[in-house]
Amino acid sequence: MMGPKTSPEVGGMGHSVKRKEDPRFIRGKGTYVDDIQLPGMLYLDIVRSPFAHAKIKKIDTSKALAIPGVLAVITGQDLAKYNLHWMPTLMSDTQMVLPVEKVMYQAQEVAAVLATSRYIAADGVEAVEVEYEPLPVVVDPKKALEPGAPVLRTDKKDKKDNHIWHWEWGDAAATDRAFREAEVTVKEDIYLPRIHVASIETCGCIAHFDKVMGKLTVWMTTQAPHAIRTVFALVAGHVGLAEHKIRIVSPDIGGGFGGKVPVYPGYVIAVAASVLTGAPVKWVEDRMENLQADSFARDYHITAELAAKKDGTMTALRIKTIADHGYADAAANPSKFPAGLFHICTGSYDFKAAHVTVDGVYTNKPPGGIAYRCSFRVTEAVHTIERMADLMAHQIGMDPAEFRKKNFIKPEQFPYKSALGWEYDSGNYAGALNLAMQKIGYAELRREQAEKRKRGELMGIGISSFTEIVGAGPSKHFDILGLKMFDSCEIRIHPTGKAIARFGTKSQGQGHETTYAQIIAEELGIPAADIQVEEGDTDTAPYGLGTYASRSTPVAGAAGAMAARKIRDKARKIAAHLLEAAEDDLVWEPGKFSVKGAPNRFKTIQDVAFAAYTNHPQGMEAGLEAVSYYDPPNLTYPFGSYICVVDIDKGTGEVKVRRFVAVDDCGNIINPMIVEGQIHGGLTMGFAPALLEEISYDENGNIRGGSFMDYLLPTAVETPKWETDKTTTPSPHHPLGAKGVGESATVGAPAAIANAVVDALWHLGVRHIDIPITPAKVWKLLREKGVTE
Amino acid sequence: MLVQVTINGEKREAEVEPRFLLVHLIRDVLRLTGTHIGCDTTHCGACTVLLDGRPVKSCTVLAVQAHGKEIMTVEGLEQDGKLHAVQEGFWQEHGLQCGFCTPGMLMTSYAFLKKTPKPTEDEIRWAISGNLCRCTGYVNIVKSIEYAAAKLREGGA
C-alpha cells in the first residue's frame, strides 16, 4: 500500500490514530450494561438445572416467595400462558425460554426469581425447590445417531431420531474418482472441542417497559441490536410489542467474539418480567452461567481424507463431519448455510475436486454453535485443511513449506473459483509464507531441529497458511432469518463542517469509533477528530445486521465510504455553484475542490458544508447528508502464513511456544495500530484453544470446565510474545480495498501450533493430536512411545 | 452494618449486610462503576482495586473488611485533570480494546510500578497474570506498562 493520502491532522486511512473511545475507558467512565441503574429497578436471577436431562415433576416456589423482597418466581407455566415459553433460534429451530416439561442440559434455565436486589434474588433462587425425574442422557453425538438412542426432541411431533440436518457441498463423484486414482492418501479423525468465547463481560440486559408510552427499551449486551429488535417484534408481536415501540440499546460491550449474537432466555424473561411489572428489570449472568449455558463454539467431529500425487500435488479433499449442536440448533449462521462457511475448507490450495458433508445432531448440552472470534465455522475448516496438508507433506517426506508452495493458488489465478464454489477475490499466498519463513529463519530452525533430534530433544516447527472468508455477505446468498446481510451508514455534515455518522454495526472493542471516522476522513477530508461515530441504538442508527464474522469493515465500512461518496457528489455541485465553475472543471483532493488550472480558487469541504445550509444552489435541497445500505458484491478473503516453534518438555509434556511469527494480509489497512492489536488478540484466542481451553462433559452430562477454575484462559505469562508482519493485497471489489482482520489470527493460529507439536513428535510415530494439546495428553503420548525424561 | 471508607480521597459510608461484597459497595452503592465484575472465582481481576495501597480483587473482599480503610479505584487515578502515566500508557500503546478489563489492569499496574519502577518484561507479565484480558493478547499491555514506567522514572505523574 502507498503511504497515507491524508495528513496526520485529517487522519484518514493508514494513520495510527489514537483511539477515540479510550479516554472514557481509561478513566473507568465507559457505560456497560451492568453500570446502568434505573430508579425502581428490579433484579432477576435464574434457577438452573443440576441434571442434563430430566422431567420436571414439581416446582415449589412457596419458600422463595416468602422471602421479603422476592416479588415473583416465573416458571415455564407462567410464560406458556402468553406462548412465550419457547422461542425460535437464529437457525429456525426452537429452544425453550423456560421449560414446562423437561430440562435438556445441565445449567438450563428452570425458573426465574424477581426481587428488589441482587442478593435477595439469589436467595430466592436458593429457595426454589424443584423435583426432577432424571432421564437417560445423550452426550456423545455419534451415539445420539445410533438406532435406539433416546429421542431428545420429544416436543417435535414425529421426530424419531436426534438428527437435525444433513448438508453437503461439492462434487461427490469427481472427488471419489480422484481418490480412486490417487497415488497417496491420508485420513484422520480431527475433533475440534467445545469452547467458549468467555468475553470478560458476561451477558445481561436491563429491560424497561414504559406502560404509559407502551414502549420497551432494552439495554443489552448484543452484537446485533437491529436484528434483535426485529426478532423481539416477531416473537412478541402477539402480546402487543410492535417494532416501532421497541428500542434496543447496545452500550459499551466488554468483548463479544460471537457470544453476544444469540438471544438467550435470560433476555426474554427480563423483558417479560418488565412488561408484566412495568418496572425496569436487570438480568446479568455470572461467569459460571456464562460458561455453562451460553452458546458454545466448535464441537465438530471431523473425518478428513486427502488425496495427492507422489510429487506432492494435492488432488482431492473429502470431509465428513458430525456437528454437535446441543439440544437445539441455535447457531448463528446465515440461513442457507447450516454449517456456516465450512466449505472454505479447500483453503489456500488449488484443489480440482472436493466434497464435504456435515450432519447436525442433538445432544443433552447447551444449544449453540457460534463463532468464537471467527467467521462462520472457518476455524474448523482451516484447522482441518492445514492439519491434513501437514500430514500429507510429512507422509510423502516433503518439507511442509515447500508442499504448501507447490499447491497454493497462484496470484495470477485470482479471482479464483474454488472446487467448492467460492470466488476468492485476491491473494498472494507464497508472498506471505516467504516473508514468514524469512522473518523466523526457517532454514536455520530446521537445522537446529535436526541437531536437537539427534540429542533426543523435542522441537517442532508448524506452519499454517490460512485463507479466511469474511464480510458476509452478498444478499443473493446471505441472510439471517430472511434479513439480508447488508450493512449501513448514515452521515450528516453539520453547517460548521463537523459530522456525525451512525452505523448498523456495534463495536465490542474493535475501535469502530476511530476507524469509521478515519474512513470518512479519507473520503471527505474532514478530520477524523471532527467526526462523531455512533452505533448500537436502534432509535437512531440505520438498520444493519451487526458486528460478527469480521463483517464491520468489509460491509459497514464500505457503507461508510459509499455514503461519504454520495456526500462528495453533492458537495461537488455546491462547490461548483460557489466557485462559479462547471462541476467537471473541479479537482478533488481530500478536503477541498479547486478549479482545474487555478489551484488558488478552491472551496474546502467545510466551506461547502456551511453553504449547504446557508447558500445552497436554487433547485437543490438544502443539507449535506447521505445514507448507504451496502450490499457487498462478494465476500473478502483475508489470508496469512503463521510459523510456530515449540519446545516440548519430556518430563511434564508441556508445550512451550518459543516463537510465533504471524504474517497477515487483510488488504488495505485503515489504522495500522488497531489492526496489529486485533491480530495480537486473535492470535491469543487461537493459542487458547490450541493448548488450554475445552468444555467437556462426563457421561451424565455434567459439565467439566464450567468456571474459570478449570476453563483456562491464557494469562500474560503463558501467552507467547507475538511477532507480526504483513503483506498487502487489496480486495478488488471493496471500495477501500480492505478485507477485515479481527478474526484471521484466531482462525489461523491453532493449526500452526498443532502442526508444530506433531512435527516435534512425528519421528516417534505421532500423526495427530486433538486440541487442546494439554501437558497430560502429551505426557501420555510420550510414555506410550517409550520416551522418558 | 455501617461501613466507613475513604474512597479516592473522599469519606463515604453505607449501611450494608455482612455478606455484601466490596465490589458491590463500590459499584452499586457508591456508584463508581469503573470497577468491573468478570468472574465469580477471583481469576479475572476486572474488579481489582487498591485497599490501603495493596491491590485486591474486590469480588472476594467483604465490604465490612474495608471498614476504616482507604480504597483507590480507577476513578482515582487522574489527578487535577491530568491522566496518570499508566492511563496515558494504555492509551498511547493501544493497551485496551473493549475496555472491560482495563480498570483492573490499570490498578494492578499502578501498584506494581510503585514497587517495581524498572521492571523487565517478564516481571510485568507475572505482575498482570492475575488480570485476564480477552482482547489484546497482552503485547500492548506490556508496552503500555513499560511506557508508564519510563514516564514515571522521568518524573511524570
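The values are calculated or read from the model by the stated rules, or taken from the named source; none is laboratory data. The model shown is predicted, which means the values in this text are computed figures rather than measured ones. All Cβ positions, glycine included, derive from the backbone under ideal geometry; neighbour counts span all protein chains shown.
Quick check on A:Val235: is it more than 28 Å from A:Leu291 (Cβ to Cβ) and surrounded by fewer than 21 Cβ atoms within 10 Å (Cβ to Cβ)?
Spelling it out, it is not the case that A:Val235 is more than 28 Å from A:Leu291 (Cβ to Cβ) and surrounded by fewer than 21 Cβ atoms within 10 Å (Cβ to Cβ).
Any idea which residue in region A:225-253 is farthest from the chain's Cα centre (by Cα), counting only those that are in a loop (DSSP other than H, G, I, E, B) and within 14 Å of chain B (Cβ to nearest Cβ)?
If we take residues in region A:225-253 being in a loop (DSSP other than H, G, I, E, B) and within 14 Å of chain B (Cβ to nearest Cβ), then A:Pro251 is farthest from the chain's Cα centre (by Cα).
I'd like the residue in region B:58-72 that is free of Cβ contacts under 8 Å to residues at least 40 places away in the same chain and buried (at least 16 other Cβ atoms within 10 Å of the Cβ) and, out of all such residues, is nearest to the chain's Cα centre (by Cα).
Ranking the qualifying residues of region B:58-72, first place goes to B:Ser58.
Please tell me if A:Leu84 is within 34 Å of the chain's Cα centre (by Cα) and crowded, with 24+ Cβ neighbours inside 10 Å.
no
Kindly indicate whether A:Ser707 is within 14 Å of chain B (Cβ to nearest Cβ), modelled with pLDDT of 95 or more and within 20 Å of the chain's Cα centre (by Cα).
no
Within region A:452-554, considering only strands (runs of 3 or more DSSP E) that don't extend past its boundaries, which have at least 2 residues that are out of contact with any Cys (no Cβ under 9 Å at 6 or more places or on another chain) and under 30 Å from A:Val663 (Cβ atoms)?
In region A:452-554, A:458-467 are the strands (runs of 3 or more DSSP E) which contain 2 or more residues that are out of contact with any Cys (no Cβ under 9 Å at 6 or more places or on another chain) and under 30 Å from A:Val663 (Cβ atoms).
For residues in region A:663-696 being closer than 21 Å to A:Thr202 by Cβ and of a type outside the set (S, T, N, Q), which is nearest to the other protein chains (Cβ to nearest Cβ)?
The extreme case among them is A:Gly681.
Please specify each residue of region A:49-77 satisfying the condition of being buried (at least 18 other Cβ atoms within 10 Å of the Cβ) and either touching a helix residue (DSSP H, G or I) at 6+ places or on another chain (Cβ under 7 Å) or without any contact (Cβ under 8 Å) to a residue 12 or more places away in the chain (or both).
Selection gives A:Ala64, A:Val70, A:Val73, A:Ile74.
Report, by residue number, each residue of region A:240-262 that is surrounded by 23 or more Cβ atoms within 10 Å (Cβ to Cβ) and closer than 27 Å to A:Ala80 by Cβ.
Listed by number, the residues that qualify are A:Ile248, A:Val261, A:Pro262.
Would you please list the contacts, defined by Cβ atoms under 8 Å and residues six or more apart or on different chains, that run from a residue in region B:16-28 that is on the phi < 0 side of the Ramachandran plot to a residue that is among the β-branched types (Val, Ile, Thr) and surrounded by fewer than 19 Cβ atoms within 10 Å (Cβ to Cβ)?
B:Val16/B:Val29; B:Val16/B:Val64; B:Pro18/B:Val64; B:Phe20/B:Val64; B:Leu21/B:Thr60
Please give the number of the condition B:Cys44 fails out of (1) assigned to a loop (DSSP other than H, G, I, E, B); (2) closer than 13 Å to B:Thr108 by Cα; (3) in contact with a strand residue (DSSP E or B) (Cβ under 7 Å, 6 or more places away or on another chain).
Going through the list (1) assigned to a loop (DSSP other than H, G, I, E, B); (2) closer than 13 Å to B:Thr108 by Cα; (3) in contact with a strand residue (DSSP E or B) (Cβ under 7 Å, 6 or more places away or on another chain), B:Cys44 breaks only (3).
For the list (1) within 12 Å of another protein chain (Cβ to nearest Cβ); (2) over 27 Å from B:Arg153 (Cβ atoms), I need the number of the one condition that B:Glu13 fails.
Only one criterion is unmet by B:Glu13, namely (1).
I'd like the residue in region B:38-49 that is facing another protein chain (nearest Cβ under 7 Å) and not polar (S, T, N, Q) and, out of all such residues, is nearest to B:Leu132 (Cα to Cα).
Step by step, filter region B:38-49, then rank; the result is B:Cys44.
Would you check if B:Gly76 is in contact with a strand residue (DSSP E or B) (Cβ under 8 Å, 6 or more places away or on another chain), of a type outside the set (Phe, Trp, Tyr), more than 30 Å from A:Gly706 (Cβ to Cβ) and more than 10 Å from every other protein chain (Cβ to nearest Cβ)?
No; evaluated as a whole, the condition is false for this residue.
Give region B:47-57 a look and list any residue that's of a type outside the set (Lys, Arg) and either touching a residue at least 24 places away in the same chain (Cβ under 8 Å) or part of a strand (DSSP E or B) (or both), or say none.
B:Cys47, B:Thr48, B:Val49, B:Leu50, B:Leu51, B:Gly53, B:Pro55, B:Val56
Being modelled with pLDDT of 95 or more, outside any loop (DSSP other than H, G, I, E, B) and in contact with a helix residue (DSSP H, G or I) (Cβ under 7 Å, 6 or more places away or on another chain): is that true of A:Met388 here?
Judged against the criteria, A:Met388 is not a match.
Looking at B:Ile128, is it β-branched (Val, Ile, Thr), within 8 Å of chain A (Cβ to nearest Cβ) and more than 20 Å from B:Cys59 (Cβ to Cβ)?
So B:Ile128 fails the test.
Any residue at all in region A:11-19 that's of a type in the set (A, V, I, L, M), under 21 Å from A:Glu201 (Cα atoms) and at pLDDT 95 or above?
No; the residues of region A:11-19 include none that is of a type in the set (A, V, I, L, M), under 21 Å from A:Glu201 (Cα atoms) and at pLDDT 95 or above.
If only one of A:Ala381, A:Ala371, A:Ala332, A:Ala316 is small (Gly, Ala, Ser) and over 17 Å from the mean Cα position of the chain (by Cα), which one is it?
A:Ala316
Pick from region B:137-157 the residues that are under 18 Å from the mean Cα position of the chain (by Cα) and more than 14 Å from chain A (Cβ to nearest Cβ): which of them is farthest from B:Thr102 (Cα to Cα)?
The extreme case among them is B:Leu152.
Say we look at region B:89-105 and pick out the residues that are surrounded by 24 or more Cβ atoms within 10 Å (Cβ to Cβ) and more than 7 Å from chain A (Cβ to nearest Cβ); which of these is nearest to B:Thr73 (Cα to Cα)?
Within region B:89-105, the match that is nearest to B:Thr73 (Cα to Cα) is B:Gly104.
Taking the condition among the β-branched types (Val, Ile, Thr), over 13 Å from A:Leu458 (Cα atoms), in a loop (DSSP other than H, G, I, E, B) and under 30 Å from the mean Cα position of the chain (by Cα), does A:Ile773 pass?
yes
Is it true that some residue in region A:357-368 is closer than 24 Å to A:Phe414 by Cα, surrounded by fewer than 24 Cβ atoms within 10 Å (Cβ to Cβ) and not small (Gly, Ala, Ser)?
For region A:357-368, residues closer than 24 Å to A:Phe414 by Cα, surrounded by fewer than 24 Cβ atoms within 10 Å (Cβ to Cβ) and not small (Gly, Ala, Ser): absent.
Answer yes if at least one residue in region A:23-43 is out of contact with any strand residue (DSSP E or B) (no Cβ under 9 Å at 6 or more places or on another chain), within 14 Å of chain B (Cβ to nearest Cβ), assigned to a helix (DSSP H, G or I) and modelled with pLDDT of 95 or more, and no otherwise.
Within region A:23-43, one or more residues are out of contact with any strand residue (DSSP E or B) (no Cβ under 9 Å at 6 or more places or on another chain), within 14 Å of chain B (Cβ to nearest Cβ), assigned to a helix (DSSP H, G or I) and modelled with pLDDT of 95 or more.
Quick check on my filter: what residues within region A:9-48 are more than 30 Å from B:Gly95 (Cα to Cα) and surrounded by fewer than 16 Cβ atoms within 10 Å (Cβ to Cβ)?
A:Leu38, A:Pro39, A:Gly40
Which residues, taken from region A:202-220, are in contact with a strand residue (DSSP E or B) (Cβ under 6 Å, 6 or more places away or on another chain) and touching a residue at least 40 places away in the same chain (Cβ under 8 Å)?
Passing the criteria: A:Gly204, A:Cys205, A:Ile206, A:Ala207, A:His208, A:Phe209, A:Leu216, A:Val218, A:Trp219, A:Met220.
So is A:Met104 at pLDDT below 95, buried (at least 21 other Cβ atoms within 10 Å of the Cβ) and under 19 Å from A:Pro262 (Cβ atoms) or not?
no
Identify, by number, the condition in (1) under 23 Å from the mean Cα position of the chain (by Cα); (2) surrounded by fewer than 24 Cβ atoms within 10 Å (Cβ to Cβ) that A:Gly653 doesn't meet.
Exception for A:Gly653: condition (1).
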